[in-house]
Amino acid sequence: MDKKEFSEFYNKNIDKVFRFIYLRVDTTETAQDLTSLAFLKLWKRQDSEISNSTAFLYRIARNQIIDFYRSKSKKPISLDKAGEIADFQVAQPTFVEKIELTLEMKRIKKVIQNIKPIYADVIIWHYIDDLSSKEIAQILKKREGNVRVIIHRALQALKEQLEV
Amino acid sequence: MQEKDLIKNLKDLKQIKPNQDWAFWLKSNILETKPQSHLYKPKIKLAVFSFIPKYQKVLIPSLMAFFFVFSFTFAQTTLPGNVLYPIKTLTQNAKIHFASENTKPLIRLEVVKTRMEDLSKVENHQKEISAIAKNIGKDLEIVSQEIKNINNKQVALNISKDIQARSKGLKDLADNISLEDKEREALNQSVENSQSQVLALIIQTTDDINECPSYLKDKLVDLGKYFTDAQEGLYQWSSGDIIKSRNLFIEASDAFKAGDCLTAIDKIESINKLLSIHSLDVQVETSTPETLDSPGEIF
């Protein structure tokens with residue numbers, strides 16, 4: 001993937017990946033940081049044989065979220081530090097704007113963060129980013145049938161949480 | 001909430017988008033960095049041979065040792081004309097070299113036999129066969145010389161007899177070797193000479209053994225005097241030892257009278273042992289007749 005290809009790929013996926021991360025973390029800054037790291041990792045691995053770049057990018061993003069929560073549970077890590085670790089300058093604070101969400105959207109975001117992570121992932125991918133169960137299966141490295149079951153259960157879990 | 005409404009609400013979350021300035025800034029920053037592949041390109045090596053540098057110090061000597069042992073073992077089955085046959089002859093020569101004086105002639109004869117058997121199995125390689133046949137002739141001459149070097153006459157006699165028995169088939173083996181007439185004649189002559197020399201040694205050694213030296217008589221006289229005169233010295237002996245020593249003395253005297261010097265010497269040596277046990281500093285020279293030229297003091 002050369003610069004041009006990466007640029008096109010970036011433009012096509014930045015919104016989706018950012019949204020996916022943003023819905024899973026608390027703050028915009030964290031979402032920006034993790035998105036940065038995900039794209040940077042993809043760029044650095046550009047010569048590796050990646051059959052499906054979108055699926056690969058989502059896998060990176062997902063792992064970033066897992067690592068983020070893991071490190072958060074152990075000890076707080078400053079975002080500047082995270083940037084240093086990634087050998088990359090993190091997002092400038094000037095770029096952070098408050099994303100305006102309706103009350104309902106906030107509620108759904110909160111519920112998404114409270115259900116099982118795998119359910120949260122498939123809800124975002126399938127219902128928000130319009131990924132097919134086949135595409136999700138590629139990200140999760142699971143069978144398509146299994147993914148359909150997970151999507152169904154995820155929606156039920158979300159529904160239950162919203163009704164509480 | 002209906003499922004439809006829920007899905008609709010979820011779709012509304014599509015409105016979430018990152019700050020466009022940030023997105024642009026991020027892309028620019030990423031594209032400025034170098035991809036990992038330009039920074040580090042791992043060396044590709046065949047995994048199959050990756051252990052070689054690590055175990056080089058052990059592997060090379062091991063392979064050499066294995067090759068040496070394999071060649072050495074294989075060489076023992078080779079015949080004249082084979083590249084590895086010199087290793088076989090070298091091994092045989094080493095066997096002879098490291099053998100004791102008493103076993104050297106026997107081992108040399110066995111080597112000669114083996115080489116003659118090897119030669120009888122080969123038809124080509126005339127040069128090698130001739131060279132080895134010549135060496136066999138020399139070895140056969142050395143056999144009798146080596147028997148002469150054995151100090152103990154009785155041992156020499158036994159070995160001579162053994163060699164005489166073992167060398168009976170040598171002539172037949174020599175006839176089976178594809179040699180020119182002259183060479184075969186020379187080899188047969190060597191075999192005959194060797195057999196004659198060994199026979200001569202047997203006769204001579206037997207005579208040497210049977211010829212009892214005069215001093216042996218003196219020893220027996222001295223011992224006889226001791227057993228008759230030194231009665232006081234014997235009172236500390238057990239009756240069993242007294243009877244045993246006297247019987248030995250009688251047997252030694254009888255053997256001497258019969259001309260069986262070796263038996264006489266053997267009996268005297270047994271008496272000496274008894275005397276030593278009873279703390280009497282007595283020595284009787286009981287070596288072979290040739291070494292009895294300067295008999296020691298008995299009492």
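Any read-out appearing in this document is the output of simple, stated calculations on the displayed coordinates, not a laboratory observation. Computed from a predicted model, the values in this text were never measured in an experiment. Heads up, the Cβs are rebuilt from the backbone with ideal geometry, glycines too, and the neighbour counts pull from every protein chain shown.
Points worth noting:
- Which listed pairs, of B:Lys104/B:Lys153; B:Lys104/B:Lys257; A:Lys109/B:Lys34, have C-alpha distances above 24 Å, in listed order: B:Lys104/B:Lys257; A:Lys109/B:Lys34
- Full extension of the chain between B:Val69 and B:Asn193 yields a length gain of 40.8 nm, computed as 0.36 nm times the residue separation minus the alpha carbon distance.
- Inter-site label distance for A:Gln161 and A:Lys141 at 7 Å from Cα along Cβ, in nm: 2.5
- Sites B:Ile52 and B:Gln76, calculated FRET efficiency, Cβ-Cβ separation with R0 35 Å, nearest 0.05: 0.65
- Per-residue extension of 0.36 nm, minus the Cα-Cα distance of B:Ser214 and B:Ile142, leaves a gain of 22.5 nm for this segment.
- With respect to chain B, whose longest principal axis is taken over its alpha-carbon atoms, helix B:20-32 is tilted by about 40°.
- In chain B, the longest principal axis of the Cα atoms and the axis of helix B:239-257 are about 70 degrees apart.
- Neighbourhood charge, 10 Å Cβ-Cβ cut-off, centred on B:Asn149 and excluding it, Lys, Arg +1 and Asp, Glu -1: 0
- On the beta carbon distance between B:Gln126 and B:Ser62, with R0 = 30 Å, the FRET formula returns roughly 0.15.
- In this structure, the residue pairs whose Cα-Cα separation is over 31 Å, taken from B:Lys134/B:Lys161; A:Lys141/B:Lys8; A:Lys44/B:Lys57, are A:Lys44/B:Lys57.
- For chain B, the longest principal axis of the C-alpha atoms and the axis of helix B:214-229 are separated by about 80°.
- Virtual spin-label span in nm between B:Lys168 and B:Phe24, 7 Å along Cα→Cβ: 11.6
- Per-pair calculated FRET efficiency, R0 = 22 Å: A:Ser7 and A:Leu101 via Cβ, rounded to 0.05: 0.15
- Given their separation in residues at 0.36 nm each and the Cα-Cα distance between them, B:Val155 and B:Lys182 gain 6.1 nm when the chain is fully extended.
- Note that chain B shows a convex hull volume over its alpha carbon atoms of 462 Å³ per residue.
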